[in-house]
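The values are calculated or read from the model by the stated rules, or taken from the named source; none is laboratory data. From a predicted model like this one, the values you see are computed outputs, not experimental measurements. Note: ideal-geometry Cβ built from the backbone for every residue, glycine included; neighbour counts use all protein chains shown. Protein only, heavy atoms only, side chains kept; ligands, DNA and RNA dropped before computing areas. Shrake-Rupley method; radii C 1.70, N 1.55, O 1.52, S 1.80 Å.
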Amino acid sequence: KSLLPVVRFVGTPAEIGYQHGSRLRGRVRSTWHFYRGIFAAIGADERKLRGFAAEARAAIEAFDPRYTEELDAIARGAELEPWEITCLNARTEILVALRGRRPTTADAAEKKEEEASPITISTECTSLADREVGVLAQNWDWDEFLEEQLVIAEIVKTTDSTSLVTVTEPGMLAKTGLSSAGVGTALNVLGLQPEKMGVPVHVLLRAALDASSFDDAVRKLVGAPRGTSSHIYLCSSKQEAAMVEFAGDVVEVIPQTDRVGVHTNHYVGLNGGLSRDPVLGFPDDGADTCSRGRFVRATDLVRGLFGERATVDATVDATVAAFRRILADREGTWPICREWRAKDPATGDALSSALGRLGTVCTVVLDLGAGRLLASPGHPLDHPVGEPFREVRLPSSSSGPKAPPMSLAETAS
């Protein structure tokens, strides 16, 4: 399979969904079987998964039925059942429900990271936003299997003549991307176990990219039925940026006032409560973890490049280059850019046994003013900082369908 192919979907929600499912059928089915294997390994049989899907579908339908229409059409195109595509889009919430943690007491800080927060050791990501020039970027870290599944989806909606571009897992509505409204999204999983299932975060990401403005994106995220545990980084082409943290039925919008912000996989807000939790946050005396280590390292690099003695000009190109350098950093115990490494099956952890090698699957940089998405086709360490990433620009609202970049044989595989 080619790495990070570009594919365009045009039309109504049903048309976009069917094109997605049929043209990416092989990748959608492979991605679903990957996650179904993980779910089974950590205790979710079909009955339990159908229950999760029913909860998620009810929340999505109450939020915006156009998304259930698109999900059902993806399922038809991919020759899967609607509950399977719903579970695929709710995979973050299902993993957290099965493996997440409640806020803990201080003694949890003495535990090993694998014991204290098993969900986040496998889903680490680092996000950066330059509010002043409108650049948002992140590393997406997960299983090596997904390196060959990821796609760049260009979506042109004929219902409102808007468009978006997103790097996403096949079968999912969105992930890291930007829209014709000048809004960009990035994602960090946070690991708190909610009491119930709300709108899955990958649906929320799509809703933010479908918003008419930055403020509309915030309103959509705050107003959605709640029940996820993640951080969505919002940034716009109009010097706006905010961290939106979800903790079950609680959501907090943290406006970014500094030029550059950093987020990893622990809470930094929620009125200081979860940000001080010894496992889910970063208290002053918190033990070293992957999320905290990357946060400290990225923050130090940001201060050196963008602080009082700034060496990075307030230009898009300068920030793009600086963010690529930060996200390629491999210093310290918890490097920002993670080389592939296998989990030790001797730990006896079912999730670890179900996963392959883990590392940084892809680096994505969004130039919101120019409507430009830059992404590494495969592991970023295979692409030195001076080497161009794959570049995709927002399609115009009048753009017609593109020929699939993949062969028909690959599409059907």
**Item:** Computed FRET value (nearest 0.05) for GLU391 with GLU331, which takes r as the C-beta separation and R₀ as 30 Å
**Value:** 0.60
**Item:** Residue-span extension gain [ARG303 to GLU69] - 0.36 nm each, minus C-alpha spacing
**Value:** 79.7 nm
**Message:** With bins 5 Å wide starting at 0, give me the P(r) of the range 163-202 over every alpha carbon pair, in whole percents.
**Reply:** 6, 18, 25, 22, 16, 9, 4, 0
**Stretchable slack from ASP382 to SER2, in nm (0.36 nm times residue separation minus alpha-carbon distance)** = 135.3 nm
**Complete:** Rg/Rh over Cα atoms for the range 161-267, Kirkwood Rh, comes to 0.94
**Complete:** So for R0 = 41 Å, FRET eff. of LYS48-SER161 from the Cβ-Cβ r, to 0.05, ends up at 0.50
**Prompt:** Around ARG297, what is the net charge, scoring Lys/Arg as +1 and Asp/Glu as -1 over all other residues with Cβ under 9 Å from its Cβ?
**Reply:** -2
**Asked** Can you pick out the pairs among LYS48/LYS220; LYS48/LYS175; LYS48/LYS157 whose Cα atoms lie more than 32 Å from each other?
**Response** LYS48/LYS157
**Stretch gain in nm, segment THR257-GLU81, where the contour uses 0.36 nm per residue and the Cα spacing is subtracted** = 58.9 nm
**Request:** Based on the mean of other Cβ atoms within 10 Å per residue, sort peptides 184-197, 8-21 so the most packed one is first.
**Result:** 184-197, 8-21
**Item:** Order of exposure, largest accessible area first, which applies to ASP216, ASP288 with probe 1.4 Å
**Value:** ASP288, ASP216
